[in-house]
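Engineer: Structure incoming, see below.
The values are calculated or read from the model by the stated rules, or taken from the named source; none is laboratory data. Source: prediction; values computed, not measured. Here the Cβ positions follow ideal geometry from the backbone for every residue, glycine too, while neighbour counts run over all protein chains shown.
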Amino acid sequence: MNRPAQSRQRRRTRYTKMVTSSLRAARITLLVLFWAVFYSPSAWSADRPLTSLEVGFNDLVFDMSRSVVTIESSHRARVGAMAGTTGEAVENLVSSGLIFDTLGHVLVAASSVAGQDQIEVEIDDRQIPATLVGVDYFTDMAVLHVPVRLGMPARLSSRQVCAGQMVLAMGNAYGLRAAPAMGFCAGTRPDGSLQFSVPITSSSYGGGVFDLSGELLGLIVGSIGQGARVAVAVPAYQLSQIVSYICQYGDRHAGYVGVSTADIEIVPPIELASPFQFAGSAGRATTMISQGAVTTLVVPGSPAAAAGLQKGDLIIGYDSQRLTSAGQLATLVRRSSPGTAIDLTFIRQNDVHNARVIVGRKEIELNTPFYDVEQFDQSGPTADSLVQVLDYLKQEVSRLEARLKRLR
């Protein structure tokens, strides 16, 4: 082969190698770009936000569900079988519970286990007999114990306020052990419990309300209203102290007087002359009354009824302490030890009275939801009863304003 031909052959070979190398580099670059675009976490989350959100919620719900158990309790009840005869039947109640620690303690709503003969904890297709350690009558929660380790203890939040925060409630709902429901934290109630705008069922009592990091905000002990859209819960930051007390001392009892009350605001305020002075008003000739708690129900046979309180009385004082709301009264009564005597100051028929009430012991009825104040009647408030109460309060306000003007 002559020299020019050899030169052309060498140039052709170098060109072929250069093109081949360039194609190989291009293929590698395309593979890297393909991987970066379709498999990079940042790109995936940017292009698939709903998928990423769904995966996050799935993981969150799974983690929370490991702390939730189903509670099945039962007791024998006498029923009428035929005319003139009686028989026995077993009544079952399904509710929820939360795993508190690795020692076998489970937290439940006291109204789900009160007076029950048999209690079982169910999780992962296992049914384990449980014993009742004690009841906290102040918050309406109870502590159970099982002899084996269960699931994963709930992570307790130290948060004391959570108004407006998005939350997830989890508990038994129509046979599903850990059914999630989304809602919001409405805030802290006057008695220190938390209120959540979240749909629940009666079998959700004993379940939990969690924040979006998976920490427990509160133990559900009941609901308010007929729509079951408002849950009441014991704050998580209080649970350790309550469990410690119950495990060491047993039941923590609370006071009871047997009245239902509602807030009332008096405009313009009235003046009460001496000797009706409250703590902190020494040296003043008069005391201004602008708020109080009007009684809407006095339970027959209760300590309040025995002391002579009546429907329509305006309660303004508790043991020489100024009283401004129904929630304050409920809290003070619960904190009073059963058997102690308290003095209630109230206005009736233009006159100021004092009644000495012997505090009773609060009892918890089976499957009775928790309320900030005691029920309007034995079955709890209904739409009709609330309308009646509102009408009554309107009339009572007009009547009280006329009476109180004459006291000035």
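Engineer: Residue pairs, Cβ under 6 Å, 6 or more apart or interchain, first in the stretch 133-146 and within 16 Å of residue 207 (Cα to Cα), second in a loop (DSSP other than H, G, I, E, B) and of a type in the set (Gly, Ala, Ser). List them.
Structural biologist: Qualifying pairs under 6 Å: 144/130.
Engineer: May I ask you to say which residue of 246, 266 is within 28 Å of residue 188 (Cα to Cα) and either modelled with pLDDT of 85 or more or touching a Cys at 6+ places or on another chain (Cβ under 6 Å) (or both)?
Structural biologist: None of the others qualify; the one that does is 246.
Engineer: OK, next. Report yes if some residue within the stretch 174-190 is touching a residue at least 60 places away in the same chain (Cβ under 8 Å) and within 14 Å of the chain's Cα centre (by Cα); otherwise report no.
Structural biologist: Checked against the condition, which is being touching a residue at least 60 places away in the same chain (Cβ under 8 Å) and within 14 Å of the chain's Cα centre (by Cα), the stretch 174-190 yields at least one hit.
Engineer: Between 224, 200, which is more than 17 Å from residue 61 (Cβ to Cβ), surrounded by 15 or more Cβ atoms within 10 Å (Cβ to Cβ) and assigned by TED's automatic domain parsing to the domain that holds residue 101?
Structural biologist: 224
Engineer: Quick check on my filter: what residues within the stretch 141-165 are modelled with pLDDT of 85 or more, exposed (fewer than 15 other Cβ atoms within 10 Å of the Cβ) and among the aliphatic types (A, V, I, L, M)?
Structural biologist: Across the stretch 141-165, the qualifying residues are 148, 152.
Engineer: Looking at the stretch 321-356, which of its residues are more than 32 Å from the chain's Cα centre (by Cα) and assigned to a loop (DSSP other than H, G, I, E, B)?
Structural biologist: Listed by number, the residues that qualify are 349, 350.
Engineer: Now a separate question. Is it true that some residue in the stretch 309-321 is modelled with pLDDT under 85 and within 27 Å of residue 253 (Cβ to Cβ)?
Structural biologist: Checking the stretch 309-321: at least one residue is modelled with pLDDT under 85 and within 27 Å of residue 253 (Cβ to Cβ).
Engineer: Now a separate question. Quick check on my filter: what residues within the stretch 308-319 are part of a loop (DSSP other than H, G, I, E, B) and buried (at least 20 other Cβ atoms within 10 Å of the Cβ)?
Structural biologist: Residues satisfying the conditions are 309, 313.
Engineer: Going through the stretch 105-129 one residue at a time, which ones are part of a loop (DSSP other than H, G, I, E, B) and free of Cβ contacts under 8 Å to residues at least 40 places away in the same chain?
Structural biologist: Answer for the stretch 105-129, where residues must be part of a loop (DSSP other than H, G, I, E, B) and free of Cβ contacts under 8 Å to residues at least 40 places away in the same chain: 124, 125.
Engineer: Could you go through the stretch 335-350 and let me know if any residue there is surrounded by 15 or more Cβ atoms within 10 Å (Cβ to Cβ), at pLDDT 90 or above and of a type in the set (A, V, I, L, M).
Structural biologist: Within the stretch 335-350 (the criterion being surrounded by 15 or more Cβ atoms within 10 Å (Cβ to Cβ), at pLDDT 90 or above and of a type in the set (A, V, I, L, M)), the answer is yes, since at least one residue qualifies.
Engineer: Looking at the stretch 309-336, which of its residues are among the hydroxyl-bearing types (Ser, Thr, Tyr) and closer than 18 Å to residue 348 by Cα?
Structural biologist: 318, 320, 324, 325
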